[in-house]
Amino acid sequence: MLGIIGVVWGLGGVVFMLGYAVVRLFPVTMAAFEQPLQWYHWVCLISFVVFMAYSEGYRGFQQAFSPRVAARLKYLYDYPRPWHVALSPLFCMGYFYIQRRRCIAIYTLTLGIIVIILAVRLLSQPWRGIIDAGVLVGLTWGLVTVLISTQQAFSATP
């Protein structure tokens with residue numbers, strides 16, 4: 001039973017965090033389209049969306065983060081520990097009980113993302129919306145791939 005609770009809490013927490021970011025970014029992204037965009041805005045928008053779909057969505061989420069989250073969910077189901085279950089979303093995202101090198105990388109990446117978020121907030125429209133559109137695509141891709149990877153991890157025969 002503890003394993004099921006850990007999986008539901010872990011997956012729910014990860015999906016909530018990604019989904020919350022998507023919901024929060026959507027209005028800011030749409031605000032960029034409330035004013036007329038010049039040709040160079042469109043070029044930047046399309047280029048950045050394609051770049052973020054590949055780098056954040058495909059490389060970051062689909063190939064790295066989502067399979068790792070799914071594997072850690074499966075591990076949590078098979079070997080539940082109360083401490084891991086209590087902090088299941090953080091455990092599944094790899095914030096603890098991992099190799100030191102990966103731990104440093106995850107905390108550095110998190111700090112970098114926070115700094116970038118704070119910097120992008122200072123931009124005016126349409127530039128903020130253009131950047132947020134790319135992030136929105138990447139996060140949505142990530143949300144979908146987390147669910148798919150989790151389904152694959154739990155439906156695979158050992």
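The values are calculated or read from the model by the stated rules, or taken from the named source; none is laboratory data. All values derive from a computational prediction rather than experimental measurement. Please note: Cβ atoms are built from the backbone with ideal geometry, for glycine as well, and neighbour counts cover all protein chains shown. Each accessible area value is taken on the protein alone, full model and side chains, heavy atoms only, with ligands, DNA and RNA left out. Shrake-Rupley method; radii C 1.70, N 1.55, O 1.52, S 1.80 Å.
Quick notes on this structure:
- For semi-axes √(5λ) of the Cα gyration tensor in Å, calculated from these coordinates, the label among [x] 31, 21, 15; [y] 40, 25, 10; [z] 33, 15, 14: [z]
- Residues of the stretch 1-156: accessible area per residue with a 1.4 Å probe, Å²: 60
- Options F51, W9, G138, ranked by Cα towards positive dipole end of the chain, top entry (Cβ charges): W9
- Relative contact order, whole percent, for the stretch 1-150 stands at 51, derived from Cα pairs under 8 Å and 6 or more residues apart.
- Helix content alone sets the calculated 222 nm mean residue ellipticity of the chain: runs of n ≥ 4 DSSP H residues at -39500 (n - 2.57) each, divided across all residues, give -25000 deg cm²/dmol.
- Summing Cβ point charges (Lys, Arg +1; Asp, Glu -1) relative to the Cα centre of the stretch 1-156 gives a dipole of roughly 520 debye.
- Two-site label geometry, Y40 and W127: point separation in nm, points 7 Å out along Cα→Cβ: 1.1
- The modelled label-to-label distance between L109 and F33, using points 7 Å beyond Cα along the C-beta direction, is 3.0 nm.
- Inter-label distance for F16 and F154, nm, one decimal - labels placed 7 Å from Cα along Cα-to-Cβ: 1.7
- Extension gain, I116 back to I5 (0.36 nm per residue minus Cα-Cα distance, nm): 36.6 nm
- Length added when fully stretched, Y97-A53, from 0.36 nm per residue minus Cα-Cα: 12.9 nm
- Share of carbon and sulfur in the accessible heavy-atom surface of the stretch 1-131 [1.4 Å probe, %]: 72
- In the stretch 60-139, trypsin sites (Lys or Arg not before Pro) in a DSSP loop with at most 14 other beta-carbon atoms within 10 Å: R121
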